[in-house]
Amino acid sequence: MKHLHGSCHCGAVEFEFDSSAPVPFMRCYCSICRKTSGGGGYSINIMGMSDSLRVTKGKDTVRSYRAIKDKNVPKSEQVLCQNRYFCPTCASYLWAHSEEWPEWIYPYASAIDTELPVPKQMASILLENAAKWADPRNIPGRDAGNEMFDKYPSYSLEQWHKNHPDI
């Protein structure tokens, strides 16, 4: 278990949590991550324990956003995805939380101030939604030997860490 600290860019929000899965190895290329937080065309989340999350500064300022999973379906069938928490002053995304998995939070690796382990390999997920300019399959030599998935992989963030205990 690793205790991690994070913050937004302007310093208005600071938080901490415990993580047994702190390696930032998985890039998500879904349209929601790409549009809301992925300047490189993707976002990277790690995993933390919800009950350990403490907002140590700016708790009352934190806001959240819930995106629609698929805007192409009729409004009556639309499903909202997880809450994405951010600083309203500088717009830094901080962590995500899903009611589907209440025991976990998914902090954005870019918001973590504690030094994180360097992944020995990367995984790119939801590539079926990747912008062509960001899709690693279109960039020669980029991510050679790393895992690529059009959808979600068969393993979770937690399972990946269990399969890579040497990190």
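The values are calculated or read from the model by the stated rules, or taken from the named source; none is laboratory data. Please read these numbers as outputs of a predicted model, since none were measured by experiment. Every residue, glycine as well, gets a Cβ built from its backbone with ideal geometry; the counts of neighbours run over all protein chains shown. Only protein heavy atoms, including side chains, enter the accessible area calculation; ligands, DNA and RNA are left aside. Shrake-Rupley method; radii C 1.70, N 1.55, O 1.52, S 1.80 Å.
Identify, please: which residue in the range 33-69 is charged (D, E, K, R) and in a strand (DSSP E or B) and is, among those, farthest from C90 (Cα to Cα)?
Restricting to residues being charged (D, E, K, R) and in a strand (DSSP E or B), the top hit is R54.
Among the numbered criteria (1) in contact with a Ser or Thr (Cβ under 7 Å, 6 or more places away or on another chain); (2) part of a strand (DSSP E or B); (3) surrounded by fewer than 21 Cβ atoms within 10 Å (Cβ to Cβ), which one does F17 miss?
Only one criterion is unmet by F17, namely (3).
Which one is most open to solvent (accessible area, probe 1.4 Å) among residues in the range 1-12 that are in contact with a Ser or Thr (Cβ under 6 Å, 6 or more places away or on another chain) and closer than 19 Å to V55 by Cβ?
The extreme case among them is H9.
Restricting to the range 20-59, what's the tally of residues that are open to solvent by less than 20 Å² (accessible area, probe 1.4 Å) and on the phi > 0 side of the Ramachandran plot?
1
Okay, residues lined up against (1) of a type in the set (G, A, S); (2) assigned to a loop (DSSP other than H, G, I, E, B):
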site: C81; (1), (2): no, no
site: Y85; (1), (2): no, no
site: A91; (1), (2): yes, yes
site: L94; (1), (2): no, no
site: Y106; (1), (2): no, no
site: K120; (1), (2): no, yes
site: W133; (1), (2): no, yes
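Restricting attention to the range 153-162, and to residues there that are in a loop (DSSP other than H, G, I, E, B) and either modelled with pLDDT of 85 or more or open to solvent by less than 70 Å² (accessible area, probe 1.4 Å) (or both), which single residue is nearest to G40 (Cα to Cα)?
Among residues in the range 153-162 that are in a loop (DSSP other than H, G, I, E, B) and either modelled with pLDDT of 85 or more or open to solvent by less than 70 Å² (accessible area, probe 1.4 Å) (or both), the one nearest to G40 (Cα to Cα) is P153.
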